[in-house]
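Taking it in order: structure first as structure tokens, then the write-up.
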Amino acid sequence: MKLSVIGTGYVGLTTGVCFSEIGHTVICVDNDKTKIALLKKNKVPIYEPGLEEILRKNVKNKRLSFSTNIKEAVKKSDVIFISVGTPPREDGSADLSYIENVASEIAKNMDGYKLIVDKSTVPVETGEKVELTIKRNLKKNIPSDVASNPEFLREGSAVYDTFNPDRVVIGVSSKKAEDILREIYKPLKTKILVTDIKSAEIIKHASNSFLATKISFINAVANICERCGADVEKVAEGMGLDKRIGSAFLNAGIGFGGFCFPKDLEAFLWISEKLGYQFDLLKNVREINEYQKHIFIKKIEDALWIIKGKTIGILGLAFKPNTDDMRFAPSIDIIKTLQKEGARIKAFDPKATEKAKEVLKNVVYCKNPYEVAKDADCLAILTEWDEIKSIDLKKIKKLLKHPIIIDGRNIFEPKEVEKLGFIYKGIGR
Ligand code: UDX
């Protein structure tokens with residue numbers, strides 16, 4: 001099929017590239033000229049395992065191209081996916097102006113039937129607004145359909161997730177739109193759930209909010225475990241063995257970050273309130289998440305006593321492993337608070353250093369964990385990268401001023417680290 005994907009962020013670019021890999025002809029469009037120029041040179045502006053290889057392959061076999069020209073892309077495509085940003089506004093609602101812009105651009109340039117599919121995460125009822133925008137901007141009476149096709153890929157495993165989704169959700173209002181989307185996803189051989197547009201929109205917000213709730217729930221349980229001497233890792237294992245609960249997203253830590261959970265939680269809260277329902281549970285989820293960072297800083301304080309003048313070594317800056325994304329990373333608040341209290345910060349991240357430099361100033365960025373440990377008063381682990389999980393603890397101990405590790409991701413077994421002579425504090429154990 002001939003497809004266009006408007007917006008080349010994490011979701012748009014991965015979707016476009018992967019659609020070309022499964023046999024479609026895809027134009028990825030963005031109004032950011034620098035980004036498109038980079039993509040035209042076969043360079044991926046984000047770190048996402050496997051993406052660049054598939055991109056190169058499909059550019060070469062002419063199934064994938066990049067453009068800043070939305071007009072041409074609309075004309076050449078049967079289906080247009082909207083995958084532009086929906087950033088949070090100050091009141092928590094999603095800024096949908098990019099969606100409106102793209103929808104009107106599509107309408108102005110339509111020359112025949114098009115299926116317009118929203119892939120961006122949007123509040124319920126956006127589909128209706130997109131339909132209206134298209135009708136208002138059409139030059140003549142051309143038929144079209146609008147559909148919702150929320151994306152569930154995770155950063156860091158975006159390519160894998162796109163090829164192996166648990167489900168594909170399509171929200172449609174016509175059989176024609178359903179058939180086209182089924183055809184597009186056919187090569188994936190996955191479960192396709194067909195719903196109305198509003199339900200599809202809610203599935204995305206509800207899924208992300210539910211996963212965020214799972215994380216805050218286990219973080220709250222971790223705080224109980226700590227107070228009574230239980231081990232949250234064992235508790236999570238025991239809970240997760242119940243198939244109704246499942247073991248995923250039960251890792252206690254410093255709280256969730258990234259550009260999806262915090263933003264989608266806020267947006268879901270906002271739309272619930274707008275619809276006249278107080279979804280207070282989600283407010284608690286947010287509070288627990290914020291509190292978790294405070295608890296982590298308190299652990300560092302307990303270990304060092306006075307923060308002022310101390311050197312704190314940070315391992316991991318990205319909001320999760322295998323990504324260079326720093327948006328809403330818990331490391332930002334944690335480091336800024338420690339700096340405010342007078343700490344000197346040294347830090348290492350395998351991929352996120354360049355992006356971290358834009359948001360975290362006065363940090364000594366190091367090339368490896370050992371450079372961080374040298375003469376630091378303690379080590380604080382913020383992201384569970386493999387490169388950090390596999391550090392040589394004996395070597396680290398010799399380099400640190402004091403053998404203290406505060407582990408915000410529970411990557412080590414307390415007894416083993418303590419046996420090596422460390423003072424070790426994890427989360428909920
Ligand atoms: C999430 C959703 O998983 C994905 O379906 C959606 O499309 C986009 O939002 P992503 O933000 O890439 O994906 O990362 P995810 O792996 O879900 O992790 C989000 C945050 O939760 C990270 O900060 C991570 O460290 C944290 N997390 C995750 C925990 O603290 N504990 C867990 O058990 C799982």
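Values quoted throughout were computed directly from the atomic coordinates according to the rules given, and no laboratory measurement underlies them. Everything quoted here is computed from the prediction, not taken from an experiment. We place every Cβ from the backbone using ideal geometry, glycine too, and count neighbours over all the protein chains shown.
Quick notes on this one:
- Matching residues, the stretch 389-429, being of a type in the set (D, E) and outside any helix (DSSP H, G or I): D392, D407, E413
- When the residues of the stretch 199-216 are filtered to those that are surrounded by fewer than 16 Cβ atoms within 10 Å (Cβ to Cβ) and away from the ligand (no atom under 11 Å from the Cβ), the one that is nearest to the chain's Cα centre (by Cα) is A206.
- Within the stretch 122-150, the set of residues being of a type in the set (D, E, K, R) and touching a residue at least 12 places away in the same chain (Cβ under 8 Å) comprises E125, E128, K129, E131, K135, R136, K139, D145.
- Qualifying residue in the stretch 343-359 (condition: touching a residue at least 12 places away in the same chain (Cβ under 8 Å) and touching a Pro at 6+ places or on another chain (Cβ under 7 Å)): yes
- Of the residues G253, G257, G240, the single one that is within 12 Å of the ligand (Cβ to nearest atom), over 25 Å from R327 (Cα atoms) and not β-branched (V, I, T) is G240.
- Remark: pairs (first residue in the stretch 240-268, surrounded by fewer than 18 Cβ atoms within 10 Å (Cβ to Cβ); second residue of a type in the set (V, I, T); Cβ separation under 8 Å; 6+ apart in sequence or on different chains) = F249/I215; F249/I218.
- Subset of the stretch 1-56 (residues that are touching a residue at least 40 places away in the same chain (Cβ under 8 Å), in a loop (DSSP other than H, G, I, E, B) and either out of contact with any Pro (no Cβ under 7 Å at 6 or more places or on another chain) or closer than 23 Å to T323 by Cβ (or both)): M1, G7, T8, G9, H24, I46, Y47, E48, P49, G50
- Residue in the stretch 185-207 that is under 19 Å from N410 (Cα atoms) and of a type in the set (D, E) present: no
- The stretch 317-337, subset under 14 Å from V364 (Cα atoms) and surrounded by 19 or more Cβ atoms within 10 Å (Cβ to Cβ), residue farthest from the ligand (Cβ to nearest atom): I335
- When residues in the stretch 260-273 are screened for being touching a helix residue (DSSP H, G or I) at 6+ places or on another chain (Cβ under 8 Å) and more than 12 Å from the ligand (Cβ to nearest atom), 6 of them pass.
- Top-ranked residue of the stretch 368-387 - restricted to ones that are within 16 Å of the ligand (Cβ to nearest atom) and surrounded by 22 or more Cβ atoms within 10 Å (Cβ to Cβ), ranked as nearest to N322 (Cα to Cα): W385
- Looking across the stretch 347-380, the residues that are closer than 16 Å to K308 by Cα and touching a Lys or Arg at 6+ places or on another chain (Cβ under 8 Å) come down to V363, D375, A376, D377, C378.
- Among residues of the stretch 194-219 that are within 12 Å of D264 (Cβ to Cβ), those with a beta-carbon under 9 Å from a residue that is among the acidic types (D, E) and away from the ligand (no atom under 11 Å from the Cβ) at least six positions away or on a different chain give the pairs E201/D118; E201/E125.
- Residue list for the stretch 217-237, filter: within 15 Å of the ligand (Cβ to nearest atom) and either closer than 27 Å to S148 by Cβ or part of a loop (DSSP other than H, G, I, E, B) (or both): none
- Selection of the stretch 77-100 for residues being acidic (D, E) and under 18 Å from the mean Cα position of the chain (by Cα) yields only D95.
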